[in-house]
Amino acid sequence: MDTLLHSPSSMAKRPCPSQNPRIPNLNQLDRDQLLDTFLEFSDSPPFAIDLSFERLLESRSCDADQTKLIDRALQLGSVLLEAAKRSARKRASKHNSLTWALPPDLTIKVFSMLDTQSLCYAAATCSMFNKCAMDPSCYANIDLTTVVPKVNNAVVSTMIQRAGKALQSLKLGVVPGPTTPLGSCQPLVYTIRNSVDVSNFSWNDKRSRQGKESSVLTRSCLSPLGGNSGAPGTLLRRLHLYNIERMDNTSLCGALVACPFLLDLEIVGLHVELRQTLQSVSANCHLIERLFFESSKTGRDDSLKSPTCVDLMTDCPHLTSLALRGFKLHDYKVRILLKGLRKLKYVDFSTSYSITGAFLRNLGSNTGGNLLEVLILRDCMHLKMVEAARLMTAVLAGDFKLLKHLDISNREGLASENDWYHRCYSTSTIPIRRVLEERPNLCLLAEFPPEGSYADIDQMFDSEPYSDISLPSASQMSSPSSDGSMFVSFSESSYNSDHGSGNEDARDAGYVIYDESSDEVDYVAV
């Protein structure tokens, strides 16, 4: 008996209620049954549940116990709500996977054909679509262009990281509205300052109250291309940048270094210098086939030099499409490009300053110009009527055999031979009708003001694209230059050098003129 009384294992100890209060020892089956019973209360009237909960609270004499009971009720309700949401998503995903006719690989293929915004909408539809939309191939062609600024650097970085090595095309920036299609002759230069839709937009608005970044792309927006040892930009084939006002030469050139296999480069409205950009293209993008570059301010970039032209034609021999719009170019530099780039089929020098058309002489019968299919010289201020007439005569003579599209339109009329201030156009001088009759497959655009209705020079400078050009003084207008043509002066803030049309005396040192025929002047590097 004493042994039984003193043995520690003779009788089990009863647990103290205070050590484990109100925690039932439920197995999984009991818990499921209890939850099922609890959920049946959802059919009860709300006021009945309120009264029951109030009675339960009143049964707790201690205020701390009542507070604990309320907290546990809220916690249980939150847990049940999240569990119900998760189950609903799982059922919807399972339903979609059963009813969606395409397997995941074909779904990814379809998503890869969507534009970037539509892809984001699809990814937000359900978990199955979201999983398919995360495949890198869906981000091979990223298009984040908008009419008003909506995209920031973080969005660009996220998209590029999702694409990884699959990235092939990237388009960023602000583009004009749908009334101006990309690739048209209309200027694509555009800033948010001339958009009525963003009149209240502020460059300094960081949306600090929402904790979000500013929806403006900065100079570092292209830095993810060089991430992961240059992987995202390694296979990039197409890069289009529109009106990113904070972009500079250093950032752009750094991005081009990361894209050695770039085939298509389009730059519109960026505050970058033509010479530095072409030098970077020549040094890094040897396979490029299309280069489209439109100046942010017409006629103010005079940075292009002859050695840069030579480097471009030497290092980028595969160029078939070249557009330099709105720059201050010169005939002899343009001729270096057209003669050296032997695969050129598309050329666009619209709104270019200082081009007279002399570079076209005997070009269509020689290597470098005989493959041209499209030639656009719209609204070139210094384009002379006599050179346009020579071009039409060459076309009639059988030159430019592959030419399909020619645009020499000028809303101010063509420049006369000795004075570009005198705007003119004569149907008797330019045989347009005859060209249309003998070359029916040639689309010829020659839109000019009616003869005798040309605007005076003040009105011409007040209008775009010449609004940034300053007029010469009366004394300068009365002093002809040595070749008999008017000498035109511009403000030093607008131009660096080569006043006037700049084609007679502005040749770079190291280049010699050679006569190939009685009417042709060519420029060959020493």
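The values are calculated or read from the model by the stated rules, or taken from the named source; none is laboratory data. Just so it is clear, the model here is predicted, and its values are computed rather than measured. All Cβ positions, even for glycine, are placed from backbone atoms using ideal geometry, and neighbour counts span all protein chains on display. Heavy atoms of the whole protein, side chains included, go into the accessibility calculation; ligands, DNA and RNA do not. Shrake-Rupley method; radii C 1.70, N 1.55, O 1.52, S 1.80 Å.
Once the Cβ-Cβ distance between Glu417 and Leu114 is put in as r, and R0 is 56 Å, what FRET efficiency do you end up with, to the nearest 0.05? It would help to have the intermediate numbers written out before the result.
On the way: r = 55 Å, r/R0 = 0.99.
For R0 = 56 Å, the calculated efficiency reads 0.50.
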message: So if I take the centroid of the Cα atoms in segment 377-452 and the same for segment 312-348, what is the distance between those two points in Å?
response: 21 Å
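Shape verdict for segment 299-449, please, from the Cα gyration tensor: rounded (a/c under 1.5), prolate (a/b greater than b/c) or oblate. Please report the intermediate quantities before stating the final value.
Details: a/c = 2.00, a/b = 1.20, b/c = 1.66.
Note, shape of segment 299-449 comes out oblate.
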message: What are the ³J(HN,Hα) couplings of segment 124-130, residue after residue, when phi is run through the Karplus curve with 6.51, -1.76, 1.60 and θ = phi - 60°? Round to Hz, x for glycine and proline.
response: 8, 6, 7, 5, 5, 5, 5
- request: Once you have a ≥ b ≥ c as the square roots of the Cα gyration tensor eigenvalues for segment 282-323, tell me rounded if a/c is under 1.5, and otherwise prolate or oblate according to whether a/b is larger than b/c.
  value: oblate
message: Give me the base-10 log of I(q)/I(0) for segment 234-332 at each q in 0.13, 0.19, 0.25 Å⁻¹, Debye formula, one uniform scatterer per Cα, rounded to two decimals.
response: -0.39, -0.89, -1.60
field: Accessible surface of Leu322 - all protein chains present, 1.4 Å probe, nearest 10 Å²
entry: 0 Å²
- request: For Ala84 paired with Cys62, estimate the spin-label separation in nm (one decimal), with each label point 7 Å from Cα along the Cα-to-Cβ line.
  value: 3.2 nm
- prompt: To the nearest 10 square angstrom, how much accessible area does Arg31 have with a 1.4 angstrom probe?
  reply: 130 Å²
Label-point separation in nm, Lys94 to His318, each point 7 Å along Cα→Cβ: 5.2 nm
task: Determine ³J(HN,Hα), in whole Hz, for all residues of segment 145-160 in sequence, where each value follows from phi through the Karplus function 6.51 cos²θ - 1.76 cosθ + 1.60 and θ = phi - 60°; x replaces Gly and Pro.
output: 6, 9, 7, 10, x, 9, 10, 10, 4, 5, 5, 4, 4, 4, 5, 5
statement: One finds the C-alpha centres of segment 92-138 and segment 32-65 to be spaced, in Å, by 43 Å
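In square angstrom, what is the accessible area per residue of segment 99-142 with a 1.4 angstrom probe?
Details: 2510 Å² over 44 residues.
With all protein chains present, segment 99-142 gives 57 Å² per residue.
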- prompt: Among Ser365, Ser282, what's the order by accessible area (1.4 angstrom probe), most exposed first?
  reply: Ser365, Ser282
message: Run the numbers for His286 and Ala154: contour at 0.36 nm per residue of separation, minus the present Cα-Cα distance, in nm.
response: 44.5 nm
- line: Any chymotrypsin sites (Phe, Trp or Tyr not before Pro) in segment 388-445 that lie in a DSSP loop and have at most 16 other Cβ atoms within 10 Å would be Tyr421
